[in-house]
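Below: one structure, written as structure tokens.
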Amino acid sequence: MTLTEARDFLRAELLAVAAAAVPGYDGVVTNDVGPVNPDVLSDGSGPDTICSITVENGDPAVVDPAGQVAAAVAALTARGWATDIAPVEDGHYRATAQRDGFQVTVHGWDGDWRLTVSGETPRIAG
């Protein structure tokens with residue numbers, strides 16, 4: 001898989017999970033960083049690289065971080081990701097997921113209507 005293919009796959013997965021977790025709303029890409037060496041896509045130079053992407057979604061009328069994180073985990077599991085739900089800490093709901101070297105983290109916080117889904121591609125040699 002090329003870095004471009006890995007980035008596109010991750011971006012699509014994050015957007016799909018964010019949309020599934022907050023029915024009626026589409027997620028928004030708030031951060032899309034990578035590759036580490038900007039020339040790696042054009043000339044193949046550079047060290048192993050990754051892309052990092054963050055998507056946020058939420059319904060301002062609904063504050064349900066536990067439900068949103070649970071829905072995101074269900075969507076990830078249905079899409080073939082291995083998931084792990086962390087214990088709630090100080091109102092922070094968190095889950096992680098892995099698939100074929102990709103890493104995803106889902107965050108929700110008490111009192112905040114936004115859900116954050118972020119991920120990284122596997123390391124790909126330049």
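The values are calculated or read from the model by the stated rules, or taken from the named source; none is laboratory data. Nothing here was measured: the structure is a model prediction, and the numbers come from that model. Neighbour counts run over all protein chains shown; Cβ positions are idealised from the backbone, glycine included. Surface areas here come from the heavy atoms of the whole protein model, side chains and all, with no ligands, DNA or RNA. Shrake-Rupley method; radii C 1.70, N 1.55, O 1.52, S 1.80 Å.
Per-structure values
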| read-out | value |
| --- | --- |
| Matching residues, region 53-73, being in a helix (DSSP H, G or I) and either more than 11 Å from Val106 (Cβ to Cβ) or open to solvent by 60 Å² or more (accessible area, probe 1.4 Å) (or both) | Ala66, Gly67 |
| Contacts under 7 angstrom Cβ, first residue in region 109-122 being on the phi > 0 side of the Ramachandran plot, partner open to solvent by 30 Å² or more (accessible area, probe 1.4 Å) and at pLDDT below 95, 6 or more apart | Gly111/Val63 |
| Region 76-91 - residue that is of a type in the set (A, V, I, L, M) and closer than 24 Å to Leu3 by Cα and, of those, surrounded by the most Cβ atoms within 10 Å (Cβ to Cβ) | Leu76 |
| Enumeration of residues in region 92-118 that are farther than 25 Å from Thr2 by Cα, assigned to a loop (DSSP other than H, G, I, E, B), open to solvent by 70 Å² or more (accessible area, probe 1.4 Å) and charged (D, E, K, R) | Asp110 |
